[in-house]
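The values are calculated or read from the model by the stated rules, or taken from the named source; none is laboratory data. Remember, it's a predicted structure, so these values are computed and weren't measured experimentally. Positions of Cβ are generated from backbone atoms using ideal geometry, with glycine treated the same way; all protein chains shown enter the neighbour counts. The protein model used for the area step is the full one, side chains on, heavy atoms only, and it has no ligands, DNA or RNA in it. Shrake-Rupley method; radii C 1.70, N 1.55, O 1.52, S 1.80 Å.
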Amino acid sequence: MAVTQLPPMALSAVSDDGGATQGILRRQALRESAARTYARALPIVPVRARGMTVEGADGRRYLDCLSGAGALALGHNHPVVLDAIRAVLDSEAPLQVLDLATPVKDAFTDELFATLPPGLAARARVQFCGPAGTDAVEAALKLVRIATGRDGLLAFSGAYHGMTAGALAASGGASAAGVPRLPFPYDYRCPFGVGGERGAELSACWAETLLDDPKGGVPDPAGMILEPVQGEGGVIPAPDGWLRRMREITAARSIPLIADEVQTGVGRTGAFWAVDHSGVVPDVMVLSKAIGGGLPLAVVVYREELDIWPPGAHAGTFRGNQLAMAAGTATLAYVRENHLSQRAAVVGRRMLERLRRFAAGRPQIGEVRGRGLMIGLELVAPETGPIAETGPIAEAGAMAEAGQAGGAARVGPAARVGPVADAAWEGAPGGATPYGASQSEVALDEVTPCEGAWLTGAEGEGARGALGGGVRQTPGGEASYAGVARTAAPPAAPALAAAVQRECLRRGLIVELGGRHNAVIRLLPPLTITDEQTEAVLDRLADALDAAISTSGTRSGELPPAAAPFAPPSAGNRR
């Protein structure tokens, strides 16, 4: 498929030498708030856009993997969205109606309910909020508190729910908040040091124990709020099984479950709503961004049993945005009718596979993860040099040294091997590891931890795996290796991530940063991304990563505090 081309420019005030661009940027810096964000990292002046292509005032073109922070499911200025907006304008319908009923709102509500999880849509109510997702979060928190008569709330580490007071208090970056934080399953940096399904199960057990402990310091909460995929937190998908456990835990205790789908909704993750992957039906869904077709719109959808708040309990002047509702109706229908969520799943898998192959042998790319077209690359600063890749290991006879005579173990495929300190097995002679090597060569990730396992040979017990690693003994007396001690992931590399973002911009690619330390490269391309654009994004990102890695230090102490000044992409990289 061909890349969308823009028509010739028609802005007489724009000069080819970039003088207009620099003047606009200079005036912005002088007049706008110090709180501005994207403008600092992306010194461009967009003047026209279509699909995935953005053109700056200086004539340079970029592939946009920011998509209005995920608000543009169909990309910029999609024809069905423009037609819907023009229809409202041509009809002379009122553009703002507070919460009055209109044909435009009625059509939007019909289309929205047609996409919701059936278990919710059948008996749902919708509250139109102020135009930002954070206001919808505020409404959801207010709703469950009024409905339950309780005041507390449960949230998760790494969360992001908005910048207003209540939403910020439930977000991971709040400096002082009375909202308890539960551990979110984060395999790469598992809070329990084990990762995988075991780490997710421990997270669920922690939540359950805390709720049932009369001395746990957590009063009965009015609700639990979570993101099915943490976006600003670093593109961390919640495991489907863990989401189901959260649903079970909250349902058993009459705690409303709030799913924040502001960024994950409308096909972004490969399902229309991210909760659809797990089959979970939340009590409340917070929706914004893409539901307005790129225009401001936010709603809360919830079970009718919760609809006991009085008139005016939550209001807002701009909750009746007719243009956004028309654009949203067109977007929701187009995504649904053209199966774009399935397309996002296919393209997303392809991008993840290629990025993971690219990451092999580049230890600065700690992990590639995501779901659908919500993709993240966590960049790290390896402390001890490159990690060597290994293939399957069939036999490890040297393991006899870690146990007693005859204690050889059969070892399955290894993931990555590299220098790791403090990973020796307890009681092992000379600090021997499961591979019979020194303590600095223990295998890393992609292994299954074994609870309470002991390295056992034919004649007795040997060393026990530290931090939950270990082996299982087979009936024949051989010990099957089941896991190794997990070590902490390398430190985050925010300066390297910033350098990659700049290198991407030089090559005509717009990406976002996120994560706990702003060290995750985030990709949020529109669902309409073509195959050709997909390849172009991956090629430019790969080039940018290699360029940034080669010019920046690869160890945490060597990363520069600031990167090189912005340089525009070459003419050959314009699209």
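Can you name the condition, by its number, that LEU143 falls short on among (1) in contact (Cβ under 8 Å) with a residue 60 or more places away in the chain; (2) open to solvent by less than 10 Å² (accessible area, probe 1.4 Å); (3) farther than 29 Å from GLY320 by Cβ?
Single failed check for LEU143: (3).
Quick test for you: out of PRO185, PRO219, pick the one residue that is touching a strand residue (DSSP E or B) at 6+ places or on another chain (Cβ under 6 Å) and either assigned to a loop (DSSP other than H, G, I, E, B) or at pLDDT below 95 (or both).
PRO219
Working only within region 153-166, note down all residues that are open to solvent by 30 Å² or more (accessible area, probe 1.4 Å) and either among the polar types (S, T, N, Q) or assigned to a loop (DSSP other than H, G, I, E, B) (or both).
SER157, TYR160, MET163, THR164, listed by residue number.
Would you check if GLY294 is out of contact with any strand residue (DSSP E or B) (no Cβ under 6 Å at 6 or more places or on another chain), closer than 23 Å to VAL81 by Cβ and of a type outside the set (Phe, Trp, Tyr)?
Yes.
Considering each of THR134, THR164, THR148, THR115 in turn, give the residue that is within 16 Å of ARG303 (Cβ to Cβ), touching a residue at least 12 places away in the same chain (Cβ under 8 Å) and among the polar types (S, T, N, Q).
Result: THR148 is the single residue among THR134, THR164, THR148, THR115 that is within 16 Å of ARG303 (Cβ to Cβ), touching a residue at least 12 places away in the same chain (Cβ under 8 Å) and among the polar types (S, T, N, Q).
What is the residue count in region 27-65 for residues that are closer than 20 Å to GLU232 by Cα and in contact with a Pro (Cβ under 9 Å, 6 or more places away or on another chain)?
Residues meeting the conditions: 2.
With ALA519, ALA498, ALA542, ALA547 as the choices, which residue is modelled with pLDDT of 95 or more, open to solvent by 10 Å² or more (accessible area, probe 1.4 Å) and touching an Asp or Glu at 6+ places or on another chain (Cβ under 7 Å)?
ALA547
Being free of Cβ contacts under 8 Å to residues at least 24 places away in the same chain, surrounded by 15 or more Cβ atoms within 10 Å (Cβ to Cβ) and under 22 Å from ASP283 (Cβ atoms): is that true of ALA169 here?
Numbers: free of Cβ contacts under 8 Å to residues at least 24 places away in the same chain: yes; surrounded by 15 or more Cβ atoms within 10 Å (Cβ to Cβ): yes; under 22 Å from ASP283 (Cβ atoms): yes.
When the stated conditions are applied, ALA169 passes them.
Does at least one position in region 374-389 carry a residue that is part of a strand (DSSP E or B) and at pLDDT below 95?
yes
Does at least one position in region 239-249 carry a residue that is farther than 28 Å from PRO491 by Cβ, part of a helix (DSSP H, G or I) and over 21 Å from the mean Cα position of the chain (by Cα)? Steps first, answer last, please.
Step one: of region 239-249, the residues farther than 28 Å from PRO491 by Cβ are 240-241, 243-249.
From what's left, part of a helix (DSSP H, G or I): 240-241, 243-249.
Next, only the ones that are over 21 Å from the mean Cα position of the chain (by Cα) stay: 248-249.
Within region 239-249, one or more residues are farther than 28 Å from PRO491 by Cβ, part of a helix (DSSP H, G or I) and over 21 Å from the mean Cα position of the chain (by Cα).
What are the residues in region 319-334 that are within 16 Å of PRO79 (Cβ to Cβ) and buried (at least 24 other Cβ atoms within 10 Å of the Cβ), if any?
ALA326, ALA327, GLY328, THR329, ALA330, THR331, LEU332
Consider ALA251 carefully, then state whether it is open to solvent by 10 Å² or more (accessible area, probe 1.4 Å) and out of contact with any Lys or Arg (no Cβ under 7 Å at 6 or more places or on another chain).
Taking the combined requirement at face value, the residue satisfies it.
Does ARG150 qualify as being of a type in the set (D, E, K, R), surrounded by 17 or more Cβ atoms within 10 Å (Cβ to Cβ) and outside any helix (DSSP H, G or I)?
Details: of a type in the set (D, E, K, R): yes; surrounded by 17 or more Cβ atoms within 10 Å (Cβ to Cβ): yes; outside any helix (DSSP H, G or I): yes.
It is true that ARG150 is of a type in the set (D, E, K, R), surrounded by 17 or more Cβ atoms within 10 Å (Cβ to Cβ) and outside any helix (DSSP H, G or I).
Looking for something open to solvent by 20 Å² or more (accessible area, probe 1.4 Å), modelled with pLDDT under 95, of a type in the set (S, T, N, Q) and in a strand (DSSP E or B) - is there at least one such residue anywhere in region 480-493?
Yes: one or more hits.
What is the residue count in region 1-36 for residues that are farther than 18 Å from GLY75 by Cα, part of a loop (DSSP other than H, G, I, E, B) and at pLDDT below 90? Please lay out each step first, then the result.
Let us first name the residues in region 1-36 that are farther than 18 Å from GLY75 by Cα, namely 8-36.
With the extra rule that they be part of a loop (DSSP other than H, G, I, E, B), the set shrinks to 8-18, 32-36.
Restricting the remaining residues to those that are at pLDDT below 90 gives 8-18.
Looking only at that region, the number is 11.
Yes/no matrix, rows are residues, columns are (1) surrounded by fewer than 17 Cβ atoms within 10 Å (Cβ to Cβ); (2) in contact with a Lys or Arg (Cβ under 6 Å, 6 or more places away or on another chain); (3) aromatic (Phe, Trp, Tyr); (4) within 22 Å of ALA344 (Cα to Cα):
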{"residue": "GLU32", "(1), (2), (3), (4)": "yes, no, no, no"}
{"residue": "PRO43", "(1), (2), (3), (4)": "no, no, no, no"}
{"residue": "LEU63", "(1), (2), (3), (4)": "no, no, no, yes"}
{"residue": "SER91", "(1), (2), (3), (4)": "yes, no, no, no"}
{"residue": "LEU116", "(1), (2), (3), (4)": "no, no, no, yes"}
{"residue": "PHE128", "(1), (2), (3), (4)": "no, yes, yes, no"}
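Mind listing whichever residues of region 212-232 are of a type outside the set (Asp, Glu) and surrounded by 20 or more Cβ atoms within 10 Å (Cβ to Cβ)? So that I can check it myself, show each step before the final result.
At the first step, the residues of region 212-232 found to be of a type outside the set (Asp, Glu) are 214-219, 221-226, 228-231.
Result: PRO221, ALA222, GLY223, MET224, ILE225, LEU226, PRO228, VAL229, GLN230, GLY231.
When residues of region 264-318 are filtered for being within 29 Å of ILE375 (Cα to Cα) and either open to solvent by 20 Å² or more (accessible area, probe 1.4 Å) or modelled with pLDDT under 95 (or both), how many remain?
Qualifying residue count, region 264-318: 9.
Assess whether GLU337 counts as being surrounded by fewer than 17 Cβ atoms within 10 Å (Cβ to Cβ) and closer than 15 Å to VAL266 by Cα.
Yes.
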